[in-house]
Amino acid sequence: MKFKILTLFPEMIEGVLNSSILGRAVKNDRIAYETINIRDFSQDKHGSVDDYPYGGGAGMLMQPQPVFDAWKHATGNDRQVRTIYLTPQGETFNQSMAEEFAREKELVFLCGHYEGIDERVLEECVTDYVSIGDYVLTGGELPTLVMIDAIARLVDGVLHNDESAQTETFDNGLLEYPQYTRPAEWMGKEVPEVLLSGDHKKIEEWRLGMSLERTKVNRPDLYVNYLACNSEEGKERRRKNRRKREYRRNNS
Ligand code: ADE
């Protein structure tokens with residue numbers, strides 16, 4: 001999987017993607033990335049990339065030409081390549097979007113700055129508008145890194161066995177159950193008895209119960225959704241949707 005990032009601040013991206021688990025994945029060729037500095041495509045002798053908004057208003061906007069030329073450089077003008085623009089106006093990122101993006105071979109991320117980017121160039125090159133939550137950040141670099149982290153860890157070979165991306169929060173639409181390691185007693189608090197029992201069936205039941213309880217209390221929205229999806233009608237609806245998606249994929 002290759003990530004191409006169009007940005008005015010490549011050093012922000014490089015610092016993170018060369019560190020920790022993602023850095024290891026880059027070294028082992030499980031993922032690759034390229035930063036493309038939008039400023040390199042400015043035709044202005046001062047290298048400027050922004051200007052005042054027509055109609056007035058606060059702040060500056062990124063101009064269309066440098067963004068478009070940087071995008072053409074990244075994609076070879078191929079409109080099939082998924083190009084993600086990070087914006088609070090986008091669809092809110094979640095685990096199932098991460099799973100969908102992880103199936104692509106290549107993703108392009110467009111990081112805005114100042115008050116945003118001229119709408120016309122967005123219309124030309126963006127395929128997906130994504131937000132990482134209902135708050136406003138200073139630019140698209142941090143949201144891009146959040147997305148790359150969530151996507152890359154789903155790519156084969158990025159996580160080692162002991163860092164498995166299996167049974168965990170959101171995997172089944174529920175929050176993860178509490179976990180414990182040694183010692184069995186710490187500050188007078190004991191690890192729940194069932195986890196020491198060696199009875200795997202009981203352990204699974206306890207974990208599911210804790211997941212349900214946590215989700216109900218902390219994320220009632222997910223809990224309601226889980227109940228709806230796991231009813232008989234919900235299961236049938238999901239089977240139908242899966243068949244529809246497969247049909248669309250095979251016939252597109
Ligand atoms: N750019 C600024 N704020 C953002 C957010 N919340 N999500 C995605 N991109 C952004």
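For region 81-93, the condition holds for at least one residue, the condition being that it is over 15 Å from the mean Cα position of the chain (by Cα) and either over 21 Å from MET12 (Cβ atoms) or not charged (D, E, K, R) (or both).
Contact map, region 39-50: first residue over 18 Å from LYS72 (Cβ atoms), second residue surrounded by fewer than 13 Cβ atoms within 10 Å (Cβ to Cβ) and among the polar types (S, T, N, Q), Cβ cut-off under 9 Å, separation 6 or more or different chains; the map is empty.
Being surrounded by 19 or more Cβ atoms within 10 Å (Cβ to Cβ) and among the hydrophobic types (A, V, I, L, M, F, W, C) is the requirement here; does ILE21 meet it? It is false that ILE21 is surrounded by 19 or more Cβ atoms within 10 Å (Cβ to Cβ) and among the hydrophobic types (A, V, I, L, M, F, W, C). Looking only at region 122-168, residues that are free of Cβ contacts under 8 Å to residues at least 40 places away in the same chain and either over 25 Å from GLN65 (Cα atoms) or not assigned by TED's automatic domain parsing to the domain that holds GLY76 (or both) come to 8 in all.
Only residues that are assigned to a loop (DSSP other than H, G, I, E, B) and surrounded by fewer than 18 Cβ atoms within 10 Å (Cβ to Cβ) were counted across region 123-132, and they come to 1. For the structure I just gave you, tell me whether ASP134 is more than 22 Å from GLY59 (Cβ to Cβ), charged (D, E, K, R) and within 12 Å of the ligand (Cβ to nearest atom). It is false that ASP134 is more than 22 Å from GLY59 (Cβ to Cβ), charged (D, E, K, R) and within 12 Å of the ligand (Cβ to nearest atom). Restricting attention to region 89-113, the residues that are surrounded by fewer than 18 Cβ atoms within 10 Å (Cβ to Cβ), in contact (Cβ under 8 Å) with a residue 40 or more places away in the chain and over 24 Å from ASN37 (Cβ atoms) total 6.
Residues of region 4-17 being touching a helix residue (DSSP H, G or I) at 6+ places or on another chain (Cβ under 7 Å) and not basic (Lys, Arg), which ones? Of everything in region 4-17, those that are touching a helix residue (DSSP H, G or I) at 6+ places or on another chain (Cβ under 7 Å) and not basic (Lys, Arg) turn out to be ILE5, LEU6, THR7, LEU8, PHE9, MET12, ILE13, VAL16, LEU17. Give the residue that is farthest from CYS125 (Cα to Cα), with candidates limited to residues of region 48-81 that are of a type outside the set (A, V, I, L, M) and within 16 Å of the ligand (Cβ to nearest atom). Top of the filtered list is GLY59. All of (1) surrounded by 10 or more Cβ atoms within 10 Å (Cβ to Cβ); (2) more than 21 Å from LEU174 (Cβ to Cβ); (3) at pLDDT 95 or above hold for TYR247 with one exception: (3). When region 87-122 is limited to residues that are assigned to a loop (DSSP other than H, G, I, E, B), in contact with a strand residue (DSSP E or B) (Cβ under 8 Å, 6 or more places away or on another chain) and among the hydrophobic types (A, V, I, L, M, F, W, C), the one that is nearest to THR75 (Cα to Cα) turns out to be CYS111.
Checked against the criterion of being closer than 25 Å to LEU86 by Cα, more than 16 Å from the ligand (Cβ to nearest atom) and assigned by TED's automatic domain parsing to the domain that holds ASN37, the candidates GLU106, GLU119 yield just one match: GLU106.
The values are calculated or read from the model by the stated rules, or taken from the named source; none is laboratory data. Computed from a predicted model, the values in this text were never measured in an experiment. Note that each Cβ is placed from the backbone with ideal geometry, even for glycine, and that neighbours are counted across all protein chains shown.
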